[in-house]
Amino acid sequence: MRDAPFPGWHRPPRQTRRAPSLAVQVGVAAVPGLAAIWATSVLTAGTGTGLSGAVLVFLLVCMAVVLAMRDGYPHGRIGGCNRVTLLRMALVAALLVPLNAGYAGGWIVAGIAAAALILDGVDGHLARRSGLDSRFGARFDIEADAAMALVLALHVLAYRAMIPEALILGLTRYAFVLAQGPWPWLRADLPPRRWRKVVCVLQLSALIAVQVPLVGPDSAAAVARLAAGALILSFWVDLRWLWRRRP
């Protein structure tokens with residue numbers, strides 16, 4: 001051990017490296033998402049307007065994520081879980097490009113949406129494994145699912161013209177959120193239920209299936225109606241639970 005330079009001197013404690021700010025981390029995590037949006041534009045011959053619109057939507061999502069994290073995210077790093085959810089949001093924004101270009105539905109849309117759905121099963125696992133699970137992460141996951149359902153429903157409207165089914169599958173979550181204004185008791189926390197996630201997967205899977213050209217009109221309508229019925233039943237069960245426990 002080397003001698004101290006003078007009596008009473010102590011080596012200062014080693015400084016731990018501080019994690020970059022949440023805004024910087026989100027900015028870095030957004031790069032793969034921007035690349036995915038650009039690649040979608042190339043594959044679908046998207047116009048400059050569609051590409052710019054999708055990029056703008058994704059950047060607004062990134063800004064909202066940073067603001068929400070500053071208010072209620074308990075960790076100093078966003079982790080792989082939130083990076084995956086942010087990439088899912090980018091894929092949802094990318095689906096706006098073919099919609100704007102007049103290429104609603106089809107294999108490319110189904111493929112991008114399927115990739116986003118697969119990633120839906122990854123972010124939660126990463127959050128639990130890394131110890132970065134949080135209320136923010138759970139809410140972020142829900143909003144990513146809702147946004148994906150809405151954009152896919154827009155594709156269904158343009159590709160299949162199944163208006164009732166598309167409205168139910170794409171707007172039910174947002175109707176529930178709007179109803180929380182006049183009825184605050186709807187904001188109460190719901191108990192975790194596995195079937196709620198199963199219905200969400202069924203909802204998104206149905207919306208993806210009806211984008212596939214090989215699925216005929218009758219089959220597409222049957223799949224969409226089955227998923228819409230399951231979604232309505234799921235919300236009805238939750239609404240009944242909230243109603244019985246309202247203040």
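The values are calculated or read from the model by the stated rules, or taken from the named source; none is laboratory data. None of these values were measured; they are calculated from a predicted model. Positions of Cβ are generated from backbone atoms using ideal geometry, with glycine treated the same way; all protein chains shown enter the neighbour counts.
Answer yes or no as to whether Ala158 is over 18 Å from the mean Cα position of the chain (by Cα) and over 23 Å from Cys81 (Cα atoms). If you could, list the steps in order and put the result at the bottom.
On the way: over 18 Å from the mean Cα position of the chain (by Cα): yes; over 23 Å from Cys81 (Cα atoms): yes.
The answer is yes for Ala158.
Within the range 62-93, take every residue that is within 15 Å of the chain's Cα centre (by Cα) and touching a residue at least 60 places away in the same chain (Cβ under 8 Å) and give me the one that is surrounded by the fewest Cβ atoms within 10 Å (Cβ to Cβ).
Ala68
Do we find that Ile163 is out of contact with any Lys or Arg (no Cβ under 6 Å at 6 or more places or on another chain) and modelled with pLDDT under 95 in this structure?
Working: out of contact with any Lys or Arg (no Cβ under 6 Å at 6 or more places or on another chain): yes; modelled with pLDDT under 95: yes.
Answer is yes for this residue.
Take the range 132-190 and flag every residue that is in contact (Cβ under 8 Å) with a residue 60 or more places away in the chain and β-branched (Val, Ile, Thr).
Val156, Ile168, Thr172
Which one is farthest from Gly229 (Cα to Cα), of the residues in the range 162-189 that are of a type in the set (Val, Ile, Thr) and in contact with a helix residue (DSSP H, G or I) (Cβ under 8 Å, 6 or more places away or on another chain)?
Step one: filter the range 162-189 for residues of a type in the set (Val, Ile, Thr), giving 163, 168, 172, 177.
Pick out the ones that are also in contact with a helix residue (DSSP H, G or I) (Cβ under 8 Å, 6 or more places away or on another chain) and you get 163, 168, 172.
On the way: Ile163: 15, Ile168: 9, Thr172: 12 Å.
The qualifying residue farthest from Gly229 (Cα to Cα) is Ile163.
Name every residue in the range 204-220 that is polar (S, T, N, Q) and part of a helix (DSSP H, G or I), in order of residue number. Spell out the reasoning first.
Quick first cut of the range 204-220, residues polar (S, T, N, Q) only: 205, 211, 219.
Result: Ser205, Ser219.
Scan the range 43-52 and give yes if some residue there is buried (at least 22 other Cβ atoms within 10 Å of the Cβ) and of a type in the set (Val, Ile, Thr), otherwise no. Break it down into steps so the answer makes sense when it comes.
Narrowing the range 43-52 to residues buried (at least 22 other Cβ atoms within 10 Å of the Cβ): 44, 46, 50.
After this cut, where a residue has to be of a type in the set (Val, Ile, Thr) as well, the list is 44.
Yes, some residue in the range 43-52 is buried (at least 22 other Cβ atoms within 10 Å of the Cβ) and of a type in the set (Val, Ile, Thr).
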